[in-house]
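Structure first, commentary second.
The values are calculated or read from the model by the stated rules, or taken from the named source; none is laboratory data. For clarity, every value in this text was computed on a predicted model and none was experimentally measured. Using ideal geometry, Cβ is built from the backbone for each residue, glycine included, and neighbour counts are taken over all protein chains shown. What goes into the accessible areas is simple: the full protein's heavy atoms, side chains included, and nothing from ligands, DNA or RNA. Shrake-Rupley method; radii C 1.70, N 1.55, O 1.52, S 1.80 Å.
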Amino acid sequence: MKKYLILLAVMLPLGAFAQLEVYDRYTPGGKHEPNINYFGSKKLSDRFALTYFGLLEHQWGEALVGASYAPMPSLILGLSAGIEHGTSSPRYSASIWTGNKTTTFAALWELGEGKSNYLYKANLFYNYTNTVTIGLTAWRKHGVGPNFRYTVPHIKSTLWIMPAYDLDADKTRIMAGIQIPVQ
């Protein structure tokens, strides 16, 4: 795990845009699973950017480095590769983002070693106001459900909450967190 922290610390100053996210995944019955992740992007040109992502949970972590390509302002495609805790195989990721000022759709897929070692996350968001965003999220190991976000203007950070039903685990969960821009 120390290797992930060192890699994350090295990657922190690379980006022109970066975001720190801290959240808790709660399953009724008292199980809390805290998570911290960091995403950054450094523009290389109008169409290309270098990207990086690091994630730490209690028993698991990953670090990915990649590139994104924007063939038009309303579409960004990304590919990355990296490492994950506990294996010697690489981890791969692909993503897509499309949208405008009011509605966005983003999806990502990750694949690690083994048949069941994958992740997906898809968000469809509507910016109701400058500070309130509502949406729907499907997220493996978290669930499917509504996603409510409030951006605090003075600190430009976003508080969010997502009640969900995890189809794989057949359980209800609730996630709550904060996204903090780092620039």
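Among residues belonging to segment 44-63 that are aromatic (F, W, Y) and surrounded by fewer than 22 Cβ atoms within 10 Å (Cβ to Cβ), point out the one that is farthest from Y23 (Cα to Cα). Working first, answer last.
Keep residues of segment 44-63 that are aromatic (F, W, Y), which gives 48, 52-53, 60.
Filter once more, keeping what is surrounded by fewer than 22 Cβ atoms within 10 Å (Cβ to Cβ): 48, 60.
Working: F48: 29, W60: 15 Å.
Filtering segment 44-63 for residues that are aromatic (F, W, Y) and surrounded by fewer than 22 Cβ atoms within 10 Å (Cβ to Cβ), the one farthest from Y23 (Cα to Cα) comes out as F48.
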Pairs with Cβ under 7 Å, 6+ apart, first in segment 118-133 and of a type in the set (V, I, T), second open to solvent by less than 90 Å² (accessible area, probe 1.4 Å) and not in a loop (DSSP other than H, G, I, E, B): T131/T151; T133/F125; T133/N127; T133/R149
Inside segment 25-34, the number of residues satisfying the requirement of being open to solvent by 40 Å² or more (accessible area, probe 1.4 Å), in a strand (DSSP E or B) and not basic (K, R) is 4
Flagged pairs (Cβ under 6 angstrom, 6 or more apart or on separate chains; first in segment 32-59, β-branched (V, I, T); second open to solvent by 40 Å² or more (accessible area, probe 1.4 Å) and part of a strand (DSSP E or B)) are I36/V22
Filtering segment 163-183 down to residues that are of a type in the set (S, T, N, Q) and either touching a Leu at 6+ places or on another chain (Cβ under 9 Å) or in a strand (DSSP E or B) (or both), which residue is least open to solvent (accessible area, probe 1.4 Å)? Q179
Answer yes or no: is there a residue in segment 84-97 that is outside any strand (DSSP E or B), basic (K, R) and in contact with a strand residue (DSSP E or B) (Cβ under 6 Å, 6 or more places away or on another chain). no
Of T131, T51, which residue is closer than 20 Å to M162 by Cα and β-branched (V, I, T)? T131
I need the full set of residues from segment 101-144 which are over 19 Å from W60 (Cα atoms) and of a type in the set (F, W, Y), in order please. F105, F125, Y126, Y128
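Being under 16 Å from the mean Cα position of the chain (by Cα) and either closer than 18 Å to N117 by Cβ or acidic (D, E) (or both) is the filter here, so list the residues in segment 55-78 that pass it. Spell out the reasoning first.
First pass over segment 55-78, keeping only residues under 16 Å from the mean Cα position of the chain (by Cα): 55-57, 60-68, 76-78.
If the condition is that a residue be under 16 Å from the mean Cα position of the chain (by Cα) and either closer than 18 Å to N117 by Cβ or acidic (D, E) (or both), then L55, L56, E57, W60, G61, E62, A63, L64 are the ones that fit.
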Show the residue pairs meeting these rules: Cβ distance below 9 Å; 6+ apart or different chains; first residue within segment 163-183 and free of Cβ contacts under 8 Å to residues at least 40 places away in the same chain and more than 13 Å from T27 (Cβ to Cβ); second residue open to solvent by less than 80 Å² (accessible area, probe 1.4 Å) and outside any loop (DSSP other than H, G, I, E, B). L167/A138; L167/G143; L167/V144
